[in-house]
Amino acid sequence: MVDIPVGMYRPHMREIPVFALPDGFVFRDFRLPGDEGPGDAGAWVKIQAAAEARFMQITHETFLNDFGGYESQLPGRSWFVATQKGEDVASITAWWWDTPPDCVLQGRVGLIHWVATIPEYQGRGIGKAMVTKAMQRLARDHEVAYLNTSTIRIPAIRVYLDSGFLPDMKKSRADEAWSLVSESLKHPALGNA
């Protein structure tokens, strides 16, 4: 499939679907450097790099480009999913974004950001539970939410559609992109189920 960036938006933050973590997994908050150790930037990079290995290279510079100067905001906005043995296997951040002109939403919005699950734990429902947690946090400060993804991330798009996100048809190449997605994914929100 052609890799085309797409946007998705949630027009309100009411009636957030609640998906729980599967048994054997727990959420833990992002930790800053301090008395408890070096902090979680390295863990974030490790998970993102494992999840994104097929798509892009993730480094500490990636982390700094998105969160540098705002690290103090990460606790309470960024979480890891860990196994009962304490192994971090997934991560998500409930962030904010000042939208560009080609976005269906305008102004500062809540942003579902950097959602990742390492490959061997994908397909277990962890992503849906993470999106629930992030949307619940975003609802405290925002009336709407947004996320950026791409046409090659069909399982992720299904999670977002199930969570009430809709295609942003104002984005560049949106008609082409969502036509491709609709060929691979049947869903009521796409009008093809």
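Cβ-to-Cβ counts within 10 Å put Y70, Y160, Y9 in ascending order as Y70, Y9, Y160, the fewest first.
Residue-wise HN-Hα couplings along the range 176-193, as the Karplus relation 6.51 cos²θ - 1.76 cosθ + 1.60 with θ = phi - 60° gives them from phi, are 4, 4, 6, 5, 5, 4, 5, 5, 9, 9, 9, 7, x, 5, 8, x, 10, 8 Hz; Gly and Pro carry x. Remark: the Q106-E176 segment gains 22.9 nm on full extension, using 0.36 nm per residue and subtracting the alpha carbon distance.
Counting only residues at least eight positions apart within a chain, or on another chain, the lysines with an alpha carbon under 29 Å from that of K46 are K85, K128, K133. For S78, nonlocal amide neighbours, meaning residues 5 or more places apart or on other chains whose placed amide H falls under 5 Å from its own, are F30, A94.
Coupling constants for the range 87-95 follow from the phi torsions by the Karplus curve (6.51 cos²θ - 1.76 cosθ + 1.60, θ = phi - 60°), and in residue order they are 7, 6, 10, 7, 7, 8, 10, 9, 10 Hz; glycine and proline get x. Averaging the sequence gap over all C-alpha pairs within less than 8 Å and six or more residues apart, then dividing by the number of residues, gives the range 1-158 a relative contact order of 35 percent.
Report the rotationally averaged projected area of the range 1-94 based on its alpha-carbon convex hull, in square nanometres. Write down the numbers at each step before the final one.
Values: hull surface 33.9 nm².
Quarter of the Cα hull surface area: 8.5 nm².
Taking a ≥ b ≥ c as the square roots of the Cα gyration tensor eigenvalues, the range 89-130 comes out prolate, since a/c reaches at least 1.5 and a/b is larger than b/c. Summarising the amide proton neighbourhood of S150: residues at separation of 5 or more, or on other chains, whose placed amide H is nearer than 5 Å comprise V6. Other residues whose C-beta falls under 13 angstrom from the C-beta of L161 contribute a net charge of +3, scoring Lys and Arg +1 and Asp and Glu -1. Here the label points at Q57 and L166, each 7 Å from Cα along the C-beta direction, are separated by 4.0 nm in the simple model. Rounded, prolate or oblate for the range 1-55? Axes are the square roots of the Cα gyration tensor eigenvalues, ordered a ≥ b ≥ c, and the cut-off for rounded is a/c under 1.5. Note, shape of the range 1-55 comes out oblate.
When the Cα gyration tensor is reduced to axis lengths a ≥ b ≥ c, the ratio a/c is 1.5 or higher for the chain, and with a/b above b/c it is classed as prolate.
If you keep only loop residues by DSSP, which trypsin sites (Lys or Arg not before Pro) in the range 82-146 have at most 10 other Cβ atoms within 10 Å of their Cβ? Here the sparse-neighbourhood loop sites are K85, R140. Projecting the Cα atoms of W44, I58, F25 onto the charge dipole of the range 21-72, computed from C-beta unit charges around the Cα centre, puts I58 farthest toward the positive end. Find how many whole Å separate the alpha carbon centroid of the range 147-193 from the alpha carbon centroid of the range 86-120. Cα centroid to Cα centroid, the span is 16 Å.
Rule-based calculations on the coordinates, nothing more; no lab input. It should be emphasised that the depicted structure is a prediction, and the values quoted were computed from it without experimental measurement. Reconstructed Cβ throughout: ideal geometry from the backbone, glycine too, with neighbour counts over all protein chains shown.
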